[in-house]
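Inspection log for the structure reproduced underneath, given as C-alpha cells.
The values are calculated or read from the model by the stated rules, or taken from the named source; none is laboratory data. All figures in this text were calculated on a predicted structure; none of them were measured in a lab. Cβ placement follows ideal geometry from the backbone for every residue including glycine, while neighbour counts extend to all protein chains displayed.
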Amino acid sequence: MTVDNKELGRRLKSAREAVRMTQEAVANHLKVSRPTVSQVEAGDRAVSSLELDQLAYLYGRDIREFLSSEFEEKKDVLAALYRANPDMIENEAVLDNLRMCVAMAREQTHLEAMLEIDGSCPVAAYAVPVPTKKWEAIKQGERIADEERRRLGIEAAPIENLTEVLESEGVRTRLADLAQDISGFTMNAPDLGPLIVVNRNHLLERARYSLAHEYAHVLMDRHTIGTVSRESERGDLIEVRANSFAANLLMPEKGVRLFLASLGKDKMTRTRAEIFDEGGTVAVELRGTAGQKVKLYDVVQVAHHFGVSRMAALYRLFNLRIITEAELNDLKAQEKKDGLALTKFLRLHVQEHQKPQPDSNHRFIALALEAFSRDEISTGKFRELMIMATLSDDDIDELIKHVQVDS
C-alpha cells in the first residue's frame with residue numbers, strides 16, 4: 001500500500017486522538033499554527049521527516065509505523081495507558097517523561113536487534129489464572145517469587161541490585177516523575193520489550209519495592225498491554241498478588257529465617273497476614289501459633305540486609321508468623337520513635353530520605369557504543385541516542401573520539 005499525504009494524515013490524526021492530544025497542543029510542540037496541523041491531518045500539506053519524527057515521539061509511536069503498508073490504529077502502549085488512566089495526560093511534565101521512557105525502550109530494542117542480541121523479552125512468563133480471592137492471590141505471588149528466585153539461581157540470598165537483575169532478563173527499567181499515588185507501571189509491547197517505569201519521587205526503598213511489584217506484572221500479566229499501580233487500587237487482586245510477589249522476591253522466607261537464626265531469633269507465629277506495598281496494607285485472616293519476641297534492632301538488621309524499609313521488614317516478619325499481631329503493633333510504634341536512631345547506632349547505611357539515583361542508562365549507552373563502533377549507526381544517530389541518555393556534549397565528543405581511536 002502506498003502511503004500518500006491523505007493516508008499519512010489520517011494515520012497521524014488517529015494516533016493523536018488515541019493519546020487524546022488536541023491539534024492546538026500538537027501545534028505548540030511543533031511550533032506551528034493549529035491550522036497547519038489540521039492541513040497535515042487532512043493530507044493538504046506534506047510532512048517533513050523532522051516533523052514526522054517529532055510527531056512519532058509525541059504519540060509514543062515508531063516513525064516507521066506511519067510509513068508501513070499497514071497501520072494498527074490502537075496498537076501503541078501510550079494510547080492504551082491513557083485510555084485506562086485519563087488523568088495521566090493532565091500533567092505535561094509527566095507526559096514528556098513517559099514519552100522519553102517509551103522512546104528509549106524502543107531504541108534499545110532496535111539496538112539489540114541490530115546487534116543480534118536476543119534480549120527483547122524476559123526468559124520467564126508464568127501462566128497463572130486470575131485470582132478470585134485475596135488468599136489465592138497471596139499464594140500465587142509467593143509461589144511465583146520462589147520459582148523465579150530458583151530460576152535466577154539466587155535462592156535465599158538478598159538481591160543487591162534488582163535493576164541489574166531485571167535488565168539482564170531483557171526488562172527495560174526507567175525512573176520518571178509520576179503522580180504521588182502512582183508507584184509505577186508496566187508496559188508490554190513487542191517493539192519495546194517489557195518496560196517498567198517507577199516513580200522517581202518516591203524514596204529509594206519504596207522505589208525498589210515498586211520495581212519488584214512491577215516485575216510481577218511482567219511475569220504474570222503479560223497479556224495486559226499496560227498496568228498502572230496506584231495506592232487507591234492496592235486491594236485489587238492482581239495488585240495483592242504483585243505485592244505478595246515483591247515481598248517474597250525481596251525477602252524470601254528461607255533467607256529471612258536463616259538471617260534471623262544468625263541473630264538467634266526465629267519462631268513461627270501468625271494469626272493473619274497484612275499485604276504491604278509501602279503505601280498501605282490489605283488484611284487477610286489466618287491461623288497461627290504462639291512465638292517468641294523479635295526486637296526492633298533485629299527488624300532494623302533484617303531491613304538493611306534485604307534492602308527494604310523497616311516497615312516492609314516488619315510486615316514480612318508478621319506474615320511469616322515470626323511476630324504476632326500485638327508484637328507487630330508494638331514494634332510499629334517503636335519503629336516510628338526509634339527506628340532511624342537504631343539504624344545509625346548499628347552503623348548501618350541510612351537511606352531514610354534518599355531518592356533513587358538518576359537512571360544510569362549504562363546498558364543503553366553500551367549498546368549504542370557497540371552499534372556505533374560497528375558502523376551500524378551514524379555519528380548523528382549516536383549523538384541523538386546519547387542526548388536521550390542525558391550525556392553532555394563534552395561527554396559525547398569524548399565517546400566519539402574513543403570509538404574512532406579504538407577502530
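So, in the range 145-180, exactly how many residues are within 15 Å of the chain's Cα centre (by Cα) and of a type in the set (Val, Ile, Thr)?
4
List every residue pair whose Cβ atoms lie under 6 Å apart, where the two residues are 6 or more positions apart in sequence or sit on different chains, the first residue falls within the range 308-323 and is on the phi > 0 side of the Ramachandran plot, and the second residue, located anywhere, is part of a loop (DSSP other than H, G, I, E, B) and of a type outside the set (D, E, K, R).
321/268; 321/269; 321/288
Restricting attention to the range 120-144, which residues are under 17 Å from the mean Cα position of the chain (by Cα) and modelled with pLDDT of 90 or more?
none
Name the one entry in 84, 80 that is at negative phi, modelled with pLDDT under 90 and crowded, with 16+ Cβ neighbours inside 10 Å.
From the options 84, 80, the qualifying one is 80.
So if I check each of 151, 174, 143, which one is basic (Lys, Arg), exposed (fewer than 15 other Cβ atoms within 10 Å of the Cβ) and not in a loop (DSSP other than H, G, I, E, B)?
151
Scanning the range 181-205 for residues that are surrounded by 24 or more Cβ atoms within 10 Å (Cβ to Cβ) and within 18 Å of residue 165 (Cβ to Cβ), which turns out farthest from the chain's Cα centre (by Cα)?
Among those residues, the one meeting the criterion is 194.
I'd like to verify a number: residues in the range 208-223 that are aliphatic (A, V, I, L, M), touching a residue at least 60 places away in the same chain (Cβ under 8 Å) and closer than 22 Å to residue 103 by Cα, how many?
1
Each row is one residue, and each column tells you yes or no for (1) β-branched (Val, Ile, Thr); (2) under 25 Å from the mean Cα position of the chain (by Cα); (3) not in a helix (DSSP H, G or I).
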{"site": "323", "(1), (2), (3)": "yes, no, yes"}
{"site": "332", "(1), (2), (3)": "no, no, no"}
{"site": "337", "(1), (2), (3)": "no, no, no"}
{"site": "363", "(1), (2), (3)": "no, yes, no"}
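So residue 256 clears everything in (1) β-branched (Val, Ile, Thr); (2) surrounded by fewer than 18 Cβ atoms within 10 Å (Cβ to Cβ); (3) farther than 21 Å from residue 126 by Cβ except one condition, right? Which one?
(2)
Which pairs do you get when a residue that is closer than 15 Å to residue 208 by Cβ, found in the range 147-161, comes within reach of a residue that is part of a loop (DSSP other than H, G, I, E, B) and aliphatic (A, V, I, L, M), reach meaning Cβ atoms under 9 angstrom, with the pair 6+ apart or on two chains?
Pairs that qualify, where the first residue is closer than 15 Å to residue 208 by Cβ and the partner is part of a loop (DSSP other than H, G, I, E, B) and aliphatic (A, V, I, L, M), are 158/251.
Scanning the range 339-352 for residues that are of a type outside the set (Ser, Thr, Tyr) and in a helix (DSSP H, G or I), which turns out nearest to residue 275 (Cα to Cα)?
Step by step, filter the range 339-352, then rank; the result is 339.
Considering each residue of the range 368-385, count those that are part of a helix (DSSP H, G or I), within 19 Å of residue 117 (Cβ to Cβ) and free of Cβ contacts under 8 Å to residues at least 60 places away in the same chain, and give that number.
Of the residues in that region, 5 qualify.
This table checks each residue for (1) under 23 Å from residue 173 (Cβ atoms); (2) among the hydrophobic types (A, V, I, L, M, F, W, C); (3) at pLDDT 90 or above.
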{"site": "355", "(1), (2), (3)": "yes, no, no"}
{"site": "358", "(1), (2), (3)": "yes, no, no"}
{"site": "364", "(1), (2), (3)": "yes, yes, yes"}
{"site": "368", "(1), (2), (3)": "yes, yes, yes"}
{"site": "373", "(1), (2), (3)": "no, no, yes"}
{"site": "386", "(1), (2), (3)": "yes, yes, yes"}
{"site": "391", "(1), (2), (3)": "yes, yes, yes"}
{"site": "395", "(1), (2), (3)": "yes, no, yes"}
{"site": "400", "(1), (2), (3)": "no, yes, yes"}
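Being surrounded by fewer than 16 Cβ atoms within 10 Å (Cβ to Cβ) and of a type in the set (Gly, Ala, Ser) is the filter; apply it to the range 39-74 and report the residue that is modelled with the highest pLDDT.
42
Mind checking which residues of the range 391-407 are part of a loop (DSSP other than H, G, I, E, B) and either in contact with a Cys (Cβ under 7 Å, 6 or more places away or on another chain) or exposed (fewer than 12 other Cβ atoms within 10 Å of the Cβ) (or both)?
Across the range 391-407, the qualifying residues are 392, 407.
Taking the range 209-236 on its own, how many of its residues are in a loop (DSSP other than H, G, I, E, B) and basic (Lys, Arg)?
Within the range 209-236, residues that are in a loop (DSSP other than H, G, I, E, B) and basic (Lys, Arg) number 2.
What number goes with the only condition from (1) buried (at least 19 other Cβ atoms within 10 Å of the Cβ); (2) under 21 Å from residue 251 (Cβ atoms); (3) in contact with a Phe, Trp or Tyr (Cβ under 8 Å, 6 or more places away or on another chain); (4) not polar (S, T, N, Q) that residue 158 does not pass?
Answer for residue 158: the failing condition is (1).
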